[in-house]
Amino acid sequence: MSSTAVLVSPRAPLRPGAAPVARPQTARRGFVLQVDLSAVADEDLDDLLRTVQNLADLAAEWFPRARTRAALTGGDGTVRVVPSGEAATFRDRLAALPGTPTLTIDPHARTVTVDGQAVALTATELALLVHLVQAGPRVVSRGELLASVWGGRHVPDGSRTVDVHVRRLRDKTGLADLLVTARGAGYRIAPRYDVRIVG
């Protein structure tokens, strides 16, 4: 899906290169928040629509006298207006969100827990997780991971072993978005998680 999420106020800004237009004194100011969604999969559309609606609801809560409109624009030029929600319930929806799980790693004891629940990992999976956590927000390339985690072990060219181990980590921890894929670059730990290394 090649789409853009747009949060629109009464008047959108000019497109790049467009000539300025004289506006009457009564013209109102506004803003547009545009997000490139080229990398968002089609199956994530429902989550995307909820996010766009939440943004519109939040804008309506912050500026109750303003008119807001949320829309999705497709790569083919189509526009899908997202129905307005209840702005008053936005904070309630935020409060109802579950807390972020805490991931605790003890490399010396070779243990990993998610909210106190033990997760059984192989030595390679544990080393991969520790390396990514220690890298912080930095994207770690597959080459770096192969060199540091797999060391001198031979890995055939074109092998998907890093990707397979990342998938296993997601499955075993139950945190599908713990490891973020940076297409063509590598992986990093999602910043929203509370990850602790102890011991």
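Here are a few things to note about the model shown:
- Residue count, region 145-160 (criterion: within 24 Å of the chain's Cα centre (by Cα) and surrounded by 15 or more Cβ atoms within 10 Å (Cβ to Cβ)): 1
- Within region 62-72, being in contact (Cβ under 8 Å) with a residue 12 or more places away in the chain and over 24 Å from the mean Cα position of the chain (by Cα) holds for PRO64, ALA66, ARG67, THR68.
- Tabulated pairs, region 137-151, first touching a residue at least 12 places away in the same chain (Cβ under 8 Å) and at negative phi, second among the polar types (S, T, N, Q) and exposed (fewer than 14 other Cβ atoms within 10 Å of the Cβ), C-beta under 7 angstrom, 6+ apart or interchain: none
- When the strands (runs of 3 or more DSSP E) confined to region 2-74 are screened for residues that are at pLDDT 75 or above and not charged (D, E, K, R), those reaching at least 2 such residues are found at 32-36, 69-74.
The values are calculated or read from the model by the stated rules, or taken from the named source; none is laboratory data. The structure presented is a predicted model; accordingly, all values stated were derived computationally and were not measured. Reconstructed Cβ throughout: ideal geometry from the backbone, glycine too, with neighbour counts over all protein chains shown.
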